[in-house]
Amino acid sequence: MKGKRIRIKTSILRICLVILLAPFYLLAQDQVLIKNVRIFDGVNNELSSSTNLLIEDNLIKTISPNAKAGKNVTEIDGNGKILIPGLTDCHTHIMWNDNIEFLVYGAPEGYVGAMASVNAREMLMRGFTTVRDVGGPSIGLKKVIDKGLTPGPRILPSGAFVSQTSGHGDYDPKLWYLSPHFTGQIDKAYLRGWTIIADGEAEVRKATRDILRGGVSQIKAFGSGSITGAHDPLDVTEYTFEELKVIAEETAKWGTYATIHAYSNEGIQNAIKAGFESIEHGLFASDETFQMMKDNDVFFSTQFLAFSLTPEQAGMQGESANKYLIAQAGAQAGYKAAKKAGVKMSWGTDALGSLELQRMQSQEFIARSEYFSGYEILKQATSNNAELFERSGKRHPYQEGSIGVIKEGAYADLLIVEGNPLEDITLLAEPEKNLVLIMKDGKVYKNKL
Ligand SMILES: [Zn+2]
């Protein structure tokens, strides 16, 4: 009897709460009406005729010339300008804003995080609403941005790199390596989430699981030498096919995919055969290798700006400057071969090392304009990248709507541009001047209209 009375009381209480809170629920449905814009939808090489978009909370609800504002709707008049999806970058290192040895071994962790939040805000204000972060401890920053506490792009994090001893992720500048395997000393790069040094099938399996455990969207491994590595020469191939196969196998079991930093032709081929779904850089890929990428539906994630500078502009000195010039020649030959083979191209920058270099991100639009039309580049930076991000499957952190396209039900990640980027893509290289509206997740971050 007593139990029944309590149950009746709680039901009455619940009904009262619903009645009291109902008006707040109605108000919580934030609506924004963007009027009179022509749309590039991220996919098709054409602009819509003048239309309106109704945004409810964080999604695009209606696209129609008849979409009208109800009561309490914020209205933005696009004045006939062009609306495009928020830009995406598939190769960032959002945490990497200083010399890597300093970040890993010297800097206070607060410095790393604070610099990254500055970088994240600036990226968003350049129009980048989603990035795939291919290495570095960005999961904490992602959480703070997703909570709406600090401005920044959506992040698909990779967490720590998987690298072999002496490989590209072996940042320890000492010429001897205090392997935990032999000495019990753990590298700070591991403790701070930058890299895991793993050798042999058992270790790479554990390293991959360890990184997946942290909630990453995909795995990033190092499969060849590099320009800036502390130890590895440019021409070397890293990891064996068997080790790479284990990494790809573990990520597939986790419902996502692995991507690889690979310059050497052998490293790229090993990765494709092992089941990697994205090749970063791919500088020395042969025609046969590009055909393998095409046949296996592997994304070619290369960077144009990063290899179109002079060594000085790229901040390279000494041996690194020589390596840079060799890499540049390979990169430029590769763009043409990739285009000829018809491989899927994503859009990424790999700008890293300082906030000044990060700020060159938008210059990638100029670097690509030598090789592609405005439409091709804009598609790469929106729906192509989004297709790559979809490879994360259920580990894709943003499941509510689509990214990189403008359609009903997609995330309201939107930009309004001054001028027509399909005709002049270099407009996007000056975001401060030419982006007149920046909206991410339905929230306005810039409005000059
Ligand atoms: Zn990179």
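The values are calculated or read from the model by the stated rules, or taken from the named source; none is laboratory data. What you see is a predicted model, and the numbers here were worked out from it, not measured in a lab. Heads up, the Cβs are rebuilt from the backbone with ideal geometry, glycines too, and the neighbour counts pull from every protein chain shown.
Does Phe241 meet the test of being within 15 Å of the ligand (Cβ to nearest atom) and under 30 Å from Asp210 (Cβ atoms)? Walk me through how you get there before you give the answer.
Working: within 15 Å of the ligand (Cβ to nearest atom): no; under 30 Å from Asp210 (Cβ atoms): yes.
For Phe241, the condition - within 15 Å of the ligand (Cβ to nearest atom) and under 30 Å from Asp210 (Cβ atoms) - is not met.
Name the residues in segment 67-78 that are loosely packed, with under 14 Cβ neighbours inside 10 Å and outside any strand (DSSP E or B), would you?
Lys68, Gly70, Lys71, Asn72
So if I check each of Lys407, Lys379, which one is surrounded by fewer than 17 Cβ atoms within 10 Å (Cβ to Cβ) and either of a type in the set (D, E, K, R) or within 16 Å of the ligand (Cβ to nearest atom) (or both)? Explain how you work it out, then say what you get.
Working: Lys379 fails: surrounded by fewer than 17 Cβ atoms within 10 Å (Cβ to Cβ).
Exactly one of Lys407, Lys379 is surrounded by fewer than 17 Cβ atoms within 10 Å (Cβ to Cβ) and either of a type in the set (D, E, K, R) or within 16 Å of the ligand (Cβ to nearest atom) (or both), namely Lys407.
So in segment 332-375, with the set limited to residues that are of a type in the set (Phe, Trp, Tyr) and more than 17 Å from Tyr263 (Cα to Cα), which one is nearest to the ligand (Cβ to nearest atom)? Even if it seems obvious, please write down each step before you answer.
First pass over segment 332-375, keeping only residues of a type in the set (Phe, Trp, Tyr): 335, 347, 365, 371-372, 375.
Among the residues that remain, those that are also more than 17 Å from Tyr263 (Cα to Cα) are: 347, 365, 371-372, 375.
Details: Trp347: 14, Phe365: 19, Tyr371: 20, Phe372: 21, Tyr375: 27 Å.
Selected residue: Trp347.
Would you pick out the residues in segment 247-263 that are more than 16 Å from the ligand (Cβ to nearest atom), free of Cβ contacts under 8 Å to residues at least 60 places away in the same chain and of a type in the set (Gly, Ala, Ser)?
Step one: list which residues in segment 247-263 are more than 16 Å from the ligand (Cβ to nearest atom), which gives 247-257.
Still in the running and free of Cβ contacts under 8 Å to residues at least 60 places away in the same chain: 248-253.
Within segment 247-263, Ala248, Ala252 meet the criteria.
Residues that are modelled with pLDDT of 90 or more and closer than 18 Å to Ala262 by Cα, at least 1 per element: which strands (runs of 3 or more DSSP E) completely within segment 144-220 meet that?
Numbers: elements: 154-157, 161-163, 195-197.
Those strands (runs of 3 or more DSSP E) span 161-163, 195-197.
Tyr398 passes all but one of (1) part of a helix (DSSP H, G or I); (2) buried (at least 17 other Cβ atoms within 10 Å of the Cβ); which number fails?
(1)
For residues that are of a type in the set (D, E, K, R) and in contact (Cβ under 8 Å) with a residue 24 or more places away in the chain, scanning just segment 178-209, find the one that is farthest from Ile94 (Cα to Cα). Step through it out loud before you land on a result.
Pass one, segment 178-209, residues of a type in the set (D, E, K, R): 187-188, 192, 199, 201, 203, 205-206, 209.
Of the ones still in play, those that are also in contact (Cβ under 8 Å) with a residue 24 or more places away in the chain are 188, 192, 199, 201, 205, 209.
Values: Lys188: 19, Arg192: 15, Asp199: 27, Glu201: 30, Arg205: 26, Arg209: 23 Å.
Among residues in segment 178-209 that are of a type in the set (D, E, K, R) and in contact (Cβ under 8 Å) with a residue 24 or more places away in the chain, the one farthest from Ile94 (Cα to Cα) is Glu201.
Can you find even one residue in segment 264-278 that is assigned by TED's automatic domain parsing to the domain that holds Gly169, within 15 Å of the ligand (Cβ to nearest atom), more than 22 Å from Arg391 (Cα to Cα) and charged (D, E, K, R)?
no
State whether one or more residues within segment 323-342 are crowded, with 17+ Cβ neighbours inside 10 Å and not in a helix (DSSP H, G or I).
So far as segment 323-342 goes, no, none of its residues is crowded, with 17+ Cβ neighbours inside 10 Å and not in a helix (DSSP H, G or I).
Right, Thr129: more than 16 Å from the ligand (Cβ to nearest atom) and under 19 Å from Phe365 (Cα atoms) or not?
On the way: more than 16 Å from the ligand (Cβ to nearest atom): yes; under 19 Å from Phe365 (Cα atoms): yes.
So Thr129 passes the test.
Which of the following residues is assigned by TED's automatic domain parsing to the domain that holds Phe365 and in contact with a strand residue (DSSP E or B) (Cβ under 8 Å, 6 or more places away or on another chain): Thr302, Thr310, Thr289?
Working: Thr310 fails: in contact with a strand residue (DSSP E or B) (Cβ under 8 Å, 6 or more places away or on another chain); Thr289 fails: in contact with a strand residue (DSSP E or B) (Cβ under 8 Å, 6 or more places away or on another chain).
None of the other options fit; the residue is Thr302.
Sort out which residues of segment 415-446 are within 16 Å of Met123 (Cβ to Cβ) and not in a helix (DSSP H, G or I), and write them in order of number.
Correct list: Leu415, Glu430, Leu435, Ile438, Met439, Lys440, Asp441, Lys443, Tyr445, Lys446.
Scan segment 409-423 and tell me whether some residue there is within 21 Å of the chain's Cα centre (by Cα) and farther than 28 Å from Glu75 by Cβ.
no
Collect the residues in segment 102-126 that are within 16 Å of the ligand (Cβ to nearest atom) and over 15 Å from the mean Cα position of the chain (by Cα), keeping them in residue-number order. Can you show your working first?
Within segment 102-126, the first condition is being within 16 Å of the ligand (Cβ to nearest atom), and the residues that meet it are 103-104, 116, 119, 123.
Within segment 102-126, Leu103, Val104 meet the criteria.
I'm trying to understand the selection: among the residues of segment 279-316, which are modelled with pLDDT of 95 or more, within 16 Å of the ligand (Cβ to nearest atom) and either more than 23 Å from the chain's Cα centre (by Cα) or over 20 Å from Leu234 (Cβ atoms) (or both)?
Phe299
Given the structure, is Thr150 surrounded by 23 or more Cβ atoms within 10 Å (Cβ to Cβ), of a type in the set (S, T, N, Q) and more than 16 Å from the ligand (Cβ to nearest atom)?
Working: surrounded by 23 or more Cβ atoms within 10 Å (Cβ to Cβ): no; of a type in the set (S, T, N, Q): yes; more than 16 Å from the ligand (Cβ to nearest atom): yes.
In short, no.
Residue by residue, here is whether (1) assigned to a loop (DSSP other than H, G, I, E, B); (2) within 23 Å of the chain's Cα centre (by Cα) holds:
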| residue | (1), (2) |
| --- | --- |
| Ile55 | no, no |
| Gly80 | yes, no |
| His91 | no, yes |
| Asp98 | yes, yes |
